[in-house]
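See below for the structure under consideration.
Taken together, the values in this text are just the output of simple stated rules run on the coordinates, not laboratory data. Because the structure is predicted, anything quoted here is derived from the model rather than measured. For neighbour counting, all protein chains shown are included, and Cβ atoms are generated from backbone atoms with ideal geometry for every residue, glycine included.
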Amino acid sequence: MAGKVAVAIITANGWEHLKHTIPLFIKHSPDARIYLIYNDYKGSNTPLLVRKHFPEVTVIETGGNPGFGKAYNYAIFNRIKEDFVAIVNHDLYVTEGWLKPLIKWLEAHPEHSAAQPKIKDYKRKNYFEYAGACGGWLDILGFPFARGRIFTTVEEDRGQYDDPAYVFWTSGACMVIKRNHFIEAGGFNKHFFMHMEEIDLCWRLQRMGYKVGCVPQSVVYHYGGAALGYDNPRKVFFNFYHNHIMLKENLPFKSWVIKYIARLTLDFAFSFKLLVSGHLKGFWAILKAQAKFISNIGKFKYKPFDKENKQWCGYYKGSIVVDYYIRGKKRFSQLSVSPC
């Protein structure tokens with residue numbers, strides 16, 4: 001892997017994690033070059049501390065705070081030149097040999113674009129972690145879930161998903177991607193600030209004829225929720241807003257119209273549920289996301305590809321909302337899914 005692999009850690013004000021995670025990245029990624037992508041955060045001295053304590057890490061400062069996707073786009077298009085790029089959060093705790101199974105999987109097949117490891121919870125080490133678990137799926141209306149995590153139900157890892165598998169999306173908390181495929185796909189969506197970037201990118205890659213997967217022989221631990229808590233209204237806003245952009249840009253017009261009408265119904269039902277349960281900030285976050293999407297709808301265009309592929313791996317043709325909330329299917333193993 002010498003000279004071929006970059007580990008790109010993104011942060012704004014993450015020194016409290018980085019002082020623990022960077023030594024692990026250095027120790028367990030001996031053949032990779034380590035980069036820190038820094039988004040400016042008022043009062044943070046993270047770049048100074050990283051340069052002082054870890055001079056072997058290359059610091060890339062974006063000169064502002066463009067968000068998750070745009071920061072990675074800048075770094076990967078302009079500064080990082082390695083063939084494989086590991087996109088990782090600053091609160092990711094890696095284990096010995098974590099990179100090798102992922103690189104091997106990608107090298108073995110030219111049509112493979114990205115791979116993620118098994119992502120477990122740093123705080124509850126026997127459980128999967130919310131952000132990606134053992135590989136992401138997407139349902140017919142655009143709701144994401146994962147092998148090992150559906151909505152807020154996170155499963156204990158008992159080896160039930162230890163088989164490598166094609167999935168719909170790989171986690172932005174930890175994924176390795178071929179740099180040339182990343183650039184060919186146009187990088188992360190320019191309309192996104194944070195959240196949903198990896199799902200949108202993996203959808204485009206699949207539409208282009210590539211595949212993404214999970215290789216559970218690689219194991220990492222994610223602290224999770226360090227940047228934003230999962231019940232934070234800002235997170236709710238970006239998740240709903242970006243999800244609708246993703247659907248608009250990846251679905252042909254007629255298909256998008258049908259699904260958008262169905263999604264509006266579900267979104268307003270969920271926002272009403274938040275309202276009656278006293279979660280006013282979450283309620284307003286969903287309404288604001290809808291309002292902003294509608295006001296900017298003309299900016300979001302469907303882009304067909306020369307070799308458009310509509311046979312997507314990890315695409316669930318049912319409604320995960322119905323299965324979870326009405327049929328009581330809380331675990332991925334309870335779903336009727338077809339492997340790719």
- Note on the structure: Among K70/K299; K118/K273; K281/K329; K100/K303; K4/K27; K70/K248, the pairs whose Cα-Cα distance exceeds 24 Å are K118/K273; K281/K329; K100/K303
- Item | Coil-residue trypsin sites (Lys or Arg not before Pro) of segment 218-304, DSSP, other Cβ within 10 Å capped at 13 | K301
- Message: Tell me the Rg and the Dmax, in Å, that the Cα atoms of segment 37-102 produce.
- Response: 13.1, 39
- Roughly what would the spin-label model give for K190 and K254, points 7 Å off Cα along C-beta, in nm? 3.0 nm
- Gain upon complete extension [K4, N126; 0.36 nm per residue less C-alpha separation]: 40.7 nm
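Taking 2.2 N^0.38 Å as the expected size of a compact globular protein, what ratio does the Cα radius of gyration of the chain give against it, to two decimals?
0.95
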- Task: Quote the relative contact order of segment 5-222 in percent (integer), defining contacts as alpha-carbon pairs under 8 Å separated by 6+ residues.
- Result: 25 percent
- Task: Could you grab the relative contact order for segment 36-85? Cα pairs under 8 Å, six or more apart, rounded to a whole percent.
- Result: 42 percent
- Item | Extension reserve of the K52-R234 stretch, reckoned as 0.36 nm per residue once the Cα distance is removed | 62.2 nm
- Message: Multiplying the sequence separation of N309 and R327 by 0.36 nm and subtracting their Cα-Cα distance, what value in nm do you get?
- Response: 3.3 nm
- Task: Scan segment 67-121 for GluC sites (Glu not before Pro) in coil per DSSP, keeping those whose Cβ has at most 14 other Cβ atoms within 10 Å, and list them by number.
- Result: E96, E111
- Item | the chain: antiparallel DSSP beta bridges as a percent of all, rounded to 5 | 45 percent
- So what does log10 I(q)/I(0) come out to for segment 233-309 at q = 0.21, 0.28 Å⁻¹, using the Debye formula with one equal point on every Cα and no solvent? -0.92, -1.32
- Task: For helix 68-78, report the angle its Cα long axis makes with the longest principal axis of the Cα atoms of the chain; keep it between 0 and 90° and round to the nearest 10°.
- Result: 50 degrees
- Distance in Å, no decimals, from the C-alpha centre of segment 226-302 to the one of segment 109-179 is 22 Å
- Query: Mean separation of Cα pairs under 8 Å and 6+ residues apart, divided by the residue count of segment 260-340: what relative contact order is that in percent?
  - Reply: 18 percent
- lysines within cross-link reach of K211: Cα-Cα under 16 Å, excluding same-chain residues under 8 positions apart? K104, K178, K307, K310
- Please identify the cysteines of the chain that lack any partner cysteine with a Cβ under 4.7 Å from their own Cβ. C134, C174, C202, C214
- Message: Just to confirm the number: angle between the C-alpha axis of helix 253-276 and the first principal axis of the chain, 0 to 90 degrees, nearest 10?
- Response: 90 degrees
- Message: What FRET efficiency comes out for I183 versus T95 if R0 is 45 angstrom and r is the Cβ-Cβ distance? Round to the nearest 0.05.
- Response: 0.95
- Task: Of the options V88, C202, N232, report the single residue whose Cα projects farthest towards the positive end of the charge dipole of the chain (beta-carbon charges: Lys, Arg +1; Asp, Glu -1).
- Result: N232
- Message: Can you tell me the orientation of helix 99-108 relative to the chain, as the angle in degrees between its alpha-carbon axis and the longest Cα principal axis, to the nearest 10?
- Response: 70 degrees
